[in-house]
1. Right, residue 280: in a helix (DSSP H, G or I), at pLDDT 85 or above and under 17 Å from the mean Cα position of the chain (by Cα) or not?
2. Test residue 254 against the criterion of being modelled with pLDDT under 90, within 20 Å of the chain's Cα centre (by Cα), within 20 Å of residue 90 (Cβ to Cβ) and crowded, with 16+ Cβ neighbours inside 10 Å, and give yes or no.
3. Quick one: which residue in 16, 62, 4 is out of contact with any strand residue (DSSP E or B) (no Cβ under 7 Å at 6 or more places or on another chain) and modelled with pLDDT of 85 or more?
4. Under 30 Å from residue 284 (Cα atoms) and either surrounded by fewer than 23 Cβ atoms within 10 Å (Cβ to Cβ) or out of contact with any helix residue (DSSP H, G or I) (no Cβ under 8 Å at 6 or more places or on another chain) (or both): which single residue out of 85, 24 fits that description?
5. Can you confirm whether the range 201-223 contains a residue that is closer than 16 Å to residue 41 by Cβ, surrounded by fewer than 16 Cβ atoms within 10 Å (Cβ to Cβ) and in contact with a helix residue (DSSP H, G or I) (Cβ under 7 Å, 6 or more places away or on another chain)?
6. Inside the range 99-111, can you point out the residues that are surrounded by fewer than 24 Cβ atoms within 10 Å (Cβ to Cβ) and part of a helix (DSSP H, G or I)?
7. Select from the range 68-82 the residues that are over 26 Å from the mean Cα position of the chain (by Cα) and not in a helix (DSSP H, G or I) and write down the one among them that is surrounded by the most Cβ atoms within 10 Å (Cβ to Cβ).
8. Restricting to the range 211-221, name every residue that is touching a residue at least 40 places away in the same chain (Cβ under 8 Å) and over 21 Å from the mean Cα position of the chain (by Cα).
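The values are calculated or read from the model by the stated rules, or taken from the named source; none is laboratory data. None of the values given here were measured: they were computed from a predicted structure. Neighbour counts run over all protein chains shown; Cβ positions are idealised from the backbone, glycine included.
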């Protein structure tokens, strides 16, 4: 990776429309992962098994189209081996495993809202690493998002907070930030579908190895899964996890980010948080409390302020 962000100064109208459409579809696809995974976990699956199945199925779906898109340019894989490993370990396996462990211990809506404070973390990292001082609007946004996080966790009422669940959600946040950064970089020459497939293959191998040596518990069940008060065979949400919420979602997300740039794509990607709350309500009957809805609104508003306040500077070398 040669830059922290890859932002497009001026996006043509046709490219903008295509990018926005792809970004919305990607956000909605990603948003289904939480409800599908939690339903499987409640039916007896471990978080590790759910994420491993998701990653391996998605890799199987994309590996042949990715190989075709390379058109014999196998040297690209050797040149970007480190990038693919980092993407697979952090943005795919690490981020997904952390998120699924988070939804195992808390509501889907709460976990995804914590994850979507990632732009704030990126701004802090930029400040500490590159001395890129945030603007006043960025600081306001960061404080607003942190205030919203307090409300989402319901800390003011003295509610019990699952510290481990929050930790997992924060780790997912770090993985999400890494995802936006890597996905926007076109300088590596990798087609988007190759980046997605390569990351999924690496992530799947890492998860299998971790499961084999006992680091990641792998457990499954053939019990029916309940979604929207309807019993479904276990394999249906598993296929949905792999095909819809991973294979399709990653390809659409990378394609959108390369058309819009990381800043605008991440902004549109906020729709995933909203869609996750809606899907969790419709499919799992997880209805957030009013104070949490207010907190979620503050987090989203804070992230918007952070994005709007980012300095329009050239990408910084790592």
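1. Numbers: in a helix (DSSP H, G or I): yes; at pLDDT 85 or above: yes; under 17 Å from the mean Cα position of the chain (by Cα): yes.
So residue 280 fits the description; yes.
2. Numbers: modelled with pLDDT under 90: yes; within 20 Å of the chain's Cα centre (by Cα): yes; within 20 Å of residue 90 (Cβ to Cβ): yes; crowded, with 16+ Cβ neighbours inside 10 Å: yes.
For residue 254, the condition - modelled with pLDDT under 90, within 20 Å of the chain's Cα centre (by Cα), within 20 Å of residue 90 (Cβ to Cβ) and crowded, with 16+ Cβ neighbours inside 10 Å - is met.
3. Numbers: 16 fails: modelled with pLDDT of 85 or more; 4 fails: modelled with pLDDT of 85 or more.
One residue alone meets the criteria, 62.
4. Details: 85 fails: under 30 Å from residue 284 (Cα atoms).
Of the residues listed, the single one that is under 30 Å from residue 284 (Cα atoms) and either surrounded by fewer than 23 Cβ atoms within 10 Å (Cβ to Cβ) or out of contact with any helix residue (DSSP H, G or I) (no Cβ under 8 Å at 6 or more places or on another chain) (or both) is 24.
5. Quick first cut of the range 201-223, residues closer than 16 Å to residue 41 by Cβ only: 207, 211, 216-223.
From what's left, surrounded by fewer than 16 Cβ atoms within 10 Å (Cβ to Cβ): 217, 219, 221-223.
Next, only the ones that are in contact with a helix residue (DSSP H, G or I) (Cβ under 7 Å, 6 or more places away or on another chain) stay: 217, 219.
Yes, the range 201-223 contains at least one residue that is closer than 16 Å to residue 41 by Cβ, surrounded by fewer than 16 Cβ atoms within 10 Å (Cβ to Cβ) and in contact with a helix residue (DSSP H, G or I) (Cβ under 7 Å, 6 or more places away or on another chain).
6. 104, 105
7. 73
8. Residues of the range 211-221 that are touching a residue at least 40 places away in the same chain (Cβ under 8 Å), as a first pass: 211, 216-221.
Selection gives 211, 217, 218, 219, 220, 221.
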